[in-house]
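For reference, the structure is listed below as structure tokens.
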Amino acid sequence: MGTAKRERQKANRQARLEELAREAKKQKTRKRGTRIAIVVIGGLLLLFLLARVVGGDDEETPAVTTTVAPATTAASDTTDAAGATGTTAATDTTVAAETTAAPTTTVEFAYGELECPEADGSSELPDSFESAPAKCIEDGVTYQAIVTTNQGSFTIDLDTEGAPGTVNNFVVLARYGYYDGRTGCHRVIRDFVVQCGRPGEDETAPGYNIPDELPAPGEYQEGVVAMANTGQPNTGGGQWFIVTGPDGVSSLTPDYSILGTVSEGYDTTVQALENLADPTTNGVPPLVPIEIVSVEIVES
């Protein structure tokens, strides 16, 4: 009996070992199949990617262009106390100016064809100006303007380096006697500006415009003299203004060509003109008429 039992146990162990061997073989076969499948799928994926890359070389890829729209500022017309829309130095003295890294783009200064007047002021003032002036000032020469009003006199050192075309225009008009006895200072706003150079109520004089020669932000200081305009680029002509206080310094945007700086008479005559501001009319007209008797150009 014992021998038969041992034989059966031995046979069972042998059968179990054979079953384990068969199972191990099946698992090995399955693993080999999985590896083969992975390799095949990986190869197919690689071929697909290579086909995509190679095929992309035949396609034209458009360049991407980014366009930045230029910032624009809408200029509003200004109306004085009399209701006439015209040339102005600024539209609002209570709003601080927004400044940019650089002034607005200006065109290259283009001189006109108006004949140059005699330097001694003996040339007769034309009835009308058909053109802006030709270049009449000389390079390397220093120019000053002595402005005499019915309230006193002051001197402007003209900025031939920063705005030669603007200075040239002013010198030509002064030598023709354009300002003498026919223009005045029609707008006076305390701590802001004294604006001058308009003949009567004629906002269109002198009948032409000149290109801008704009300063950088921050160049307006008390005593600076700049060209007035209509609020649009390149619309200066005959009117100009003196910056007289902190409101002008802080709120004027760099949209007005600098003509020069008052070097004499600021604390006396210009301050006297500023004292004629009428707050009830927003400065137009001043408390009493301000007349320009003469503008004399001095060379050195």
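The values are calculated or read from the model by the stated rules, or taken from the named source; none is laboratory data. Everything numeric in this text was worked out from a predicted model, so none of it was measured. No Cβ is skipped: glycine too gets one built from the backbone with ideal geometry, and neighbour counts run over all protein chains shown.
Here are a few things to note about the model shown:
- The set of residues in the range 93-137 being within 28 Å of Val188 (Cα to Cα), at pLDDT 95 or above and in contact with a helix residue (DSSP H, G or I) (Cβ under 7 Å, 6 or more places away or on another chain) consists of Ala132 alone.
- Qualifying residues in the range 269-292 (those that are of a type in the set (Val, Ile, Thr) and in contact with a strand residue (DSSP E or B) (Cβ under 6 Å, 6 or more places away or on another chain)) - the one farthest from Gly223 (Cα to Cα): Val284
- Members of the range 254-265 found to be buried (at least 17 other Cβ atoms within 10 Å of the Cβ) and either of a type outside the set (Asp, Glu) or farther than 21 Å from Phe170 by Cβ (or both), listed by number: Pro254, Tyr256, Ser257, Ile258, Leu259, Gly260, Thr261, Val262, Gly265
- Each residue in the range 197-212 was checked for being within 26 Å of the chain's Cα centre (by Cα) and surrounded by 24 or more Cβ atoms within 10 Å (Cβ to Cβ), and 2 pass.
- Single condition Tyr143 does not satisfy, out of (1) touching a helix residue (DSSP H, G or I) at 6+ places or on another chain (Cβ under 7 Å); (2) farther than 30 Å from Thr281 by Cβ; (3) free of Cβ contacts under 8 Å to residues at least 40 places away in the same chain: (3)
- Answer from Ile137, Ile146 - the residue that is not hydroxyl-bearing (Ser, Thr, Tyr) and not in a loop (DSSP other than H, G, I, E, B): Ile146
- With respect to (1) farther than 21 Å from Val270 by Cα; (2) in a loop (DSSP other than H, G, I, E, B), the lone exception for Asn168 is condition (2).
- Scope the range 266-290; condition in contact with a Gly (Cβ under 8 Å, 6 or more places away or on another chain), farther than 25 Å from Asn169 by Cβ and part of a helix (DSSP H, G or I); matching residues: Thr268, Ala272, Glu274
- So Val224, is it of a type in the set (Val, Ile, Thr) and touching a Phe, Trp or Tyr at 6+ places or on another chain (Cβ under 7 Å): no
- Gln232 vs. criteria at pLDDT 95 or above and in contact with a Lys or Arg (Cβ under 7 Å, 6 or more places away or on another chain): no
- Scanning the range 150-165 for residues that are surrounded by 22 or more Cβ atoms within 10 Å (Cβ to Cβ) and part of a strand (DSSP E or B) turns up Phe154, Ile156, Leu158.
- Which numbered condition Pro233 misses (of (1) part of a loop (DSSP other than H, G, I, E, B); (2) under 21 Å from Ala277 (Cβ atoms); (3) not β-branched (Val, Ile, Thr)): (2)
- Number of positions in the range 213-225 that are buried (at least 20 other Cβ atoms within 10 Å of the Cβ) and over 17 Å from the mean Cα position of the chain (by Cα): 2
- Condition check for Ser128: without any contact (Cβ under 8 Å) to a residue 60 or more places away in the chain, of a type in the set (S, T, N, Q) and surrounded by fewer than 20 Cβ atoms within 10 Å (Cβ to Cβ): no
- So Glu264, is it more than 30 Å from the chain's Cα centre (by Cα) and in contact (Cβ under 8 Å) with a residue 24 or more places away in the chain: yes
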